Amino acid sequence: MIKAVIFDFDGTLADTLPVCFLAFESVFKKFDNREVTSEEIKAMFGPSETGIIRENLKNNNYDEAIELYYEIYSERHKNVVQNNEDINTLLRLLRTNGYKLGIVTGKARRSLDISLEYLGLHNFFDVIITGDDVEFPKPHPEGIYKALENLGVLPSEAVFLGDSDADIMAGKKANVLTVGVHWLPNYQTIDFNVQPDKVYRSINDFISSFSVKKVK
């Protein structure tokens with residue numbers, strides 16, 4: 001019986017990829033005088049934003065670059081990222097049905113907190129594991145293992161939802177049920193190379209097939 005639902009964040013719970021791209025584009029333009037595409041940025045994903053900057057920026061003014069990233073991420077968030085009522089409904093229904101909820105994301109805690117605050121999602125989750133909390137980012141299962149331990153559930157009692165191959169690979173390595181989602185306007189993986197157990201392109205379809213199964 002599934003007792004816990006664990007989510008990736010960017011592209012899964014919030015349409016935040018566009019504001020991530022904007023912030024990274026500004027950082028690379030200012031510090032490396034380099035134009036980077038969204039696809040190039042996606043290829044850097046894995047570490048947190050601070051890790052991405054430290055690993056990929058040629059200019060070594062990392063601290064200043066990281067501050068610029070967060071400044072732009074915060075300033076542009078309100079206008080770029082829209083509150084999604086379907087996501088809010090999904091989370092409320094899962095809570096009402098007794099499921100434990102978690103987030104496992106590669107984002108740094110700082111940017112995740114900005115998004116949770118803007119979108120009013122702070123109070124839904126029993127555990128949050130960010131890129132700052134793990135040594136090995138997805139597709140390594142470390143983050144999911146930590147979430148399971150914190151939630152007090154077995155792998156067979158959890159499902160992990162994500163929009164990228166790294167999410168699905170991490171879920172499979174952790175032996176949890178995997179769900180690929182393409183239900184927001186922007187997501188990381190168009191065609192999953194690693195096949196999830198299920199794929200949903202509609203939040204309402206997921207609600208109909210899953211969240212009504214109330215945990216006793």
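Just one of the listed residues (Y118, Y187) is in contact (Cβ under 8 Å) with a residue 40 or more places away in the chain and assigned to a loop (DSSP other than H, G, I, E, B), and it is Y187. The set of residues in the stretch 40-60 being of a type in the set (A, V, I, L, M) and either part of a helix (DSSP H, G or I) or assigned by TED's automatic domain parsing to the domain that holds P141 (or both) consists of I41, A43, M44, I52, I53.
Residue pairs whose Cβ atoms lie under 6 Å apart, sitting 6 or more positions apart in sequence or on different chains, and linking a residue in the stretch 49-65 that is closer than 15 Å to P137 by Cα and at pLDDT 95 or above to a partner that is charged (D, E, K, R) and not in a loop (DSSP other than H, G, I, E, B), do not occur here.
In the stretch 125-154, the residue that is surrounded by the most Cβ atoms within 10 Å (Cβ to Cβ) out of those that are touching a Pro at 6+ places or on another chain (Cβ under 7 Å) and closer than 21 Å to I114 by Cα is G131. The set of residues in the stretch 156-172 being over 19 Å from I203 (Cα atoms) and buried (at least 17 other Cβ atoms within 10 Å of the Cβ) consists of E157, D165, A166, M169, A170, G171, K172.
Being under 23 Å from N175 (Cα atoms), touching a Phe, Trp or Tyr at 6+ places or on another chain (Cβ under 8 Å) and surrounded by fewer than 22 Cβ atoms within 10 Å (Cβ to Cβ) narrows it down to one of L94, L101, so name that one. Every option except L101 fails the conditions. When S115 is tested against (1) buried (at least 20 other Cβ atoms within 10 Å of the Cβ); (2) of a type in the set (S, T, Y); (3) over 20 Å from V181 (Cα atoms), only condition (3) is not met.
The values are calculated or read from the model by the stated rules, or taken from the named source; none is laboratory data. What you see is a predicted model; the values in this text were computed from it and never measured. Cβ: placed from backbone, ideal geometry, glycine included. Neighbour counts: every protein chain shown.
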